[in-house]
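Have a look at the structure below, then the notes.
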Amino acid sequence: MSMAPKGGSSIKKVEVNKSLSTEQAKELMKTLQSRFEDNMNRHKGISWAKVEAKLNNNKEILSSLFAMETTGGEPDVIEYDQATDMYTFCDCSAESPSNRRSICYDQEGEDQRIKKGIHPGGNAVELASKMGVELLDEEQYRELQEVGEFDTKTSSWLKTPDEIRKLGGAIFGDRRFDTVFIYHNGAESFYSARGFRGLVRV
């Protein structure tokens, strides 16, 4: 895992776009349907028609899915909660979303770098908020790994418990040797092979 460029090197800021045209919305729906149908192992027994009906009535969630898609997340359905009648979309790209990397964990961590003249691509907590998605926590990350193999060459920041963050740390996960590992770094850390994964419910 290599560290992102430092001092004097320019790191492109991660951009979030939630504004999509009618045509882009149609294309996104086609992409989501195709991915859904190609990966039925992630959502056995779930009907695309029902998911589609939900999305057609929720432009805000569609905008968040657009942001996930355009930053390399490849969102797909991984769960249906019968009690709430809600479907969960999660970033299902094989590796950590490609256009969300070289980022610190949160704004405080990013500010520590900026004070030293180092400018990361952003931070996971702020970007997730802008996208309208929930940053995966450890439990959700492990559940995602049950429907596929993710982050075998990369890693992803995870929502960090307050007691760890207060001490300066932040957690991330990856998959190596067919095993899911959860590690820690300083929240100011940023790597070219680490982004974050998010989820939305509809």
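Only the coordinates and a few stated rules stand behind these numbers; no lab work does. Everything quoted here is computed from the prediction, not taken from an experiment. All Cβ positions, even for glycine, are placed from backbone atoms using ideal geometry, and neighbour counts span all protein chains on display.
What is the pair-distance distribution P(r) of the range 22-91, computed from all Cα-Cα distances in 10 Å bins starting at 0, with each bin given as a whole percent?
20, 60, 20, 1
May I ask you to sort R194, R35 by Cβ crowding, counting other Cβ atoms within 10 Å and putting the fewest first?
Numbers: R194 27, R35 16.
Least crowded to most crowded, the residues run R35, R194.
Leaving out same-chain residues fewer than 8 places away, which aspartates and glutamates sit with a Cα under 13 Å from that of K153?
E95, D174, D178
How large, in Å, is the range 98-201 by the Kirkwood hydrodynamic radius built from its alpha-carbon pairs?
With all distinct Cα pairs of the range 98-201 included, I get 13.7 Å.
Given C-alpha coordinates of the chain, what is the ratio Rg to Rh with the Kirkwood estimate of Rh?
Details: Rg = 16.9 Å, Rh = 17.3 Å.
Across the chain, the Cα-based Rg/Rh ratio is 0.98.
Taking a cut-off of 19 Å between Cα atoms, list the aspartates and glutamates near K13, but don't count ones fewer than 8 places away on the same chain.
Straight-line reach from K13, under 19 Å: E69, D106, E108, E110, D111, E126, E188.
Check each of the trypsin sites (Lys or Arg not before Pro) in the range 63-139 and keep only those in coil by DSSP with at most 13 other C-beta atoms within 10 angstrom; list them in order. Can you show the working numbers first?
Values: sites: R100, R101, R113, K115, K116, K130; in loops: R101, K116.
Answer by residue number: K116.
How far apart, in nm, are the 7 Å Cα→Cβ label points at E60 and I164?
Between E60 and I164, the simple spin-label model gives 2.9 nm.
Return the percentage of antiparallel bridges among DSSP beta bridges fully within the range 98-201, rounded to the nearest 5 %.
75 percent
Looking at this model, which pairs from K130/K159; K18/K59; K12/K115; K30/K59; K115/K159 are more than 20 angstrom apart at the alpha-carbon?
As for pairs spanning more than 20 Å Cα to Cα, those are K115/K159.
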